[in-house]
Amino acid sequence: MMLHPDTDNSFKLSEDTFSMSERSYPMRETDIRHVLEIERLCFPVPWSRHSFLAELFNPNALSIVTTLWDPLEKDNVRAYSCNHIIGDELNILRMAVAPEARRLGLADRLLDMVMSLSGQKGATEAYLEVRPSNKPAISLYLKKGFQVIGIRPGYYPETGEDALIMMTKIKEIS
Ligand SMILES: CC(C)(COP(=O)(O)OP(=O)(O)OC[C@H]1O[C@@H](n2cnc3c(N)ncnc32)[C@H](O)[C@@H]1OP(=O)(O)O)[C@@H](O)C(=O)NCCC(=O)NCCS
C-alpha cells in the first residue's frame, strides 16, 4: 500500500490503491466474525461460528478469504470460500461475496485460486451444489467451465428446492 503525506500531515491514497488493495489468504480465526456477517446476508441457513472454526482444524479443508483495503477498517473481508479436498476431488461448500463488493470479479479470482491450490494438492475434479434459482452463481460456475451433471432432489430442506450438481475438470498445474 502506497501512502503519501499530504501538506496538512494527513494521508491520501495513491492512484494504484485499487489494484493493490485486494488480498487473499487462508482463513484465520480472527476473520470468522467478518465472514459470519457476510454469511448471514447470503444464505437462508447460515453456517455457525462453530462450523467455520471446525473448518480451520479440518485437514481436508481449504478455506480462503479475500480482503479489500478499507481506509476505515484496514483489511476488510469481502469474500470467502470453504472447500474440502478429498482424494482427487475438490468439493466447493461455500462461496460468497459481500453484497456491496459484487461484480468486481472477486468470486472469479477466488475460484481461480481455490482451483489452482486444490490442483497443487492433487485434485483433478471439482464439484458443487447450487440452487437452480441462483442465476448469478450458476453464471459464475458456467463461466469457469463447470457443467451441470445431475440433480439432487429436495436437497435444500428449508425450501425443498432441488440442487443442481455441477462439475469441472481441474487443469493440471505445470
Ligand atoms: C455468486 C457470487 C459469489 C458472485 O460473486 P461476484 O464477486 O459478484 O462475481 P464476479 O464479479 O466474480 O463475477 C464473475 C461472473 O459471475 C457471473 N455473475 C456474477 N454476478 C452475476 C449476476 N448478478 N448476474 C449474472 N451473472 C453474474 C458472471 O458470469 C460474471 O462474469 P462477468 O463479470 O464476466 O459477466 C455472489 O453473487 C454471491 O455471493 N452470492 C450469494 C452467495 C451465493 O449464492 N453463493 C454461491 C452458492 S453456490
Residue tally, condition touching a strand residue (DSSP E or B) at 6+ places or on another chain (Cβ under 8 Å) and among the basic types (Lys, Arg), over the stretch 129-171: 4
Residue list for the stretch 79-104, restricted to those being within 16 Å of LEU41 (Cα to Cα), more than 9 Å from the ligand (Cβ to nearest atom) and surrounded by fewer than 16 Cβ atoms within 10 Å (Cβ to Cβ): GLU100
Residue pairs meeting the criteria (Cβ under 8 Å; at least 6 apart or on separate chains; first farther than 17 Å from ILE85 by Cβ, in the stretch 47-62; second among the basic types (Lys, Arg) and outside any helix (DSSP H, G or I)): TRP47/ARG94
Any hit, the stretch 113-127, residues being surrounded by 13 or more Cβ atoms within 10 Å (Cβ to Cβ), near the ligand (Cβ under 10 Å from one of its atoms) and not hydrophobic (A, V, I, L, M, F, W, C): no
Whichever residue in the stretch 33-60 is touching a Phe, Trp or Tyr at 6+ places or on another chain (Cβ under 9 Å) and not in a helix (DSSP H, G or I) and, among such residues, is nearest to the ligand (Cβ to nearest atom): PRO44
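Can ASN91 be described as touching a strand residue (DSSP E or B) at 6+ places or on another chain (Cβ under 6 Å) and at pLDDT below 95?
Values: touching a strand residue (DSSP E or B) at 6+ places or on another chain (Cβ under 6 Å): yes; at pLDDT below 95: no.
No: the conditions fail for ASN91.
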Qualifying residue in the stretch 73-86 (condition: modelled with pLDDT of 95 or more and over 27 Å from GLU37 (Cβ atoms)): yes
Selection count, the stretch 142-174, where residues are out of contact with any helix residue (DSSP H, G or I) (no Cβ under 9 Å at 6 or more places or on another chain), surrounded by fewer than 11 Cβ atoms within 10 Å (Cβ to Cβ) and not small (Gly, Ala, Ser): 3
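The values are calculated or read from the model by the stated rules, or taken from the named source; none is laboratory data. All of these numbers come straight from a predicted model, not from anything done at the bench. Glycine gets a Cβ as well: all are built from the backbone with ideal geometry, and neighbour counts include every protein chain shown.
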